[in-house]
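The values are calculated or read from the model by the stated rules, or taken from the named source; none is laboratory data. None of these values were measured; they are calculated from a predicted model. Virtual Cβ from ideal backbone geometry, glycine too; neighbours counted across all protein chains shown. Just the protein is used for accessible areas: all its heavy atoms, side chains included, with ligands, DNA and RNA removed. Shrake-Rupley method; radii C 1.70, N 1.55, O 1.52, S 1.80 Å.
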Amino acid sequence: MEHLTMGSGKDNVDSRNNDNNIINTNDDNLDLDLRILEKFCIKILQRDFLIKTVKITNLLGNILVEQKRMEGTNLIAEAELITREESRRAAAQAAIRTATRDQFRSKLGDLLFSTSRYEKEVRATIPIKDPLVKKNKFLVLLTFDVDADADWILYKKILPLIKENVDYFI
């Protein structure tokens, strides 16, 4: 079991903090240390080399932290596919879709994750629930290389990591 601890990022991920990506969410009672969330994003990136980006958002889709895979000494060019503003809109739309899917929970069970496969990349959304009140608190948004078997990566590598570390989100 690999739990999160404070520390610096490893090779192959960008652990730089961009203040433009951090949204102050005092109204959401967010008392988490954003460095822990950044470390968690790095842990996700380290789980599979086909993961391009990881973002953690609040329930409104505001991006709290973001990490990108490095290739050599260069950040990958996720921004070339969509702009930063489009990425923010995509996060808000993912939050809306997750909230609308919640209405089927009583019949289908909890949403584990959702994926969208585009011609040029795969995107996924994972809700992180507070296990005590069974409500979503955060969303993890990932992008993958187009050749990734995202369902397998999410189910076998990412969901177990979230389960092991859910205490950091409540």
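So, in the range 54-94, how many residues would count as being modelled with pLDDT of 90 or more, in a helix (DSSP H, G or I) and touching a strand residue (DSSP E or B) at 6+ places or on another chain (Cβ under 6 Å)?
Matching residues across the range 54-94 total 2.
Exactly one condition in (1) in a strand (DSSP E or B); (2) at pLDDT below 90 is not met by residue 8; state its number.
(1)
Take the conditions at pLDDT below 95, touching a strand residue (DSSP E or B) at 6+ places or on another chain (Cβ under 8 Å) and exposed (fewer than 13 other Cβ atoms within 10 Å of the Cβ) and apply them to residue 102. Does it pass?
Here the answer is no, as residue 102 does not meet what is asked.
Any residue at all in the range 143-151 that's open to solvent by less than 10 Å² (accessible area, probe 1.4 Å) and in contact with a helix residue (DSSP H, G or I) (Cβ under 7 Å, 6 or more places away or on another chain)?
yes
Select from the range 101-132 the residues that are among the hydroxyl-bearing types (Ser, Thr, Tyr) and either touching a Ser or Thr at 6+ places or on another chain (Cβ under 7 Å) or part of a helix (DSSP H, G or I) (or both) and write down the one among them that is farthest from residue 148 (Cα to Cα).
Ranking the qualifying residues of the range 101-132, first place goes to 106.
Within the range 105-140, restricting attention to residues that are closer than 17 Å to residue 37 by Cβ and hydrophobic (A, V, I, L, M, F, W, C), which residue is surrounded by the fewest Cβ atoms within 10 Å (Cβ to Cβ)?
Within the range 105-140, the match that is surrounded by the fewest Cβ atoms within 10 Å (Cβ to Cβ) is 128.
Mind checking which residues of the range 119-148 are in contact (Cβ under 8 Å) with a residue 40 or more places away in the chain and more than 24 Å from residue 62 (Cα to Cα)?
Within the range 119-148, 147, 148 meet the criteria.
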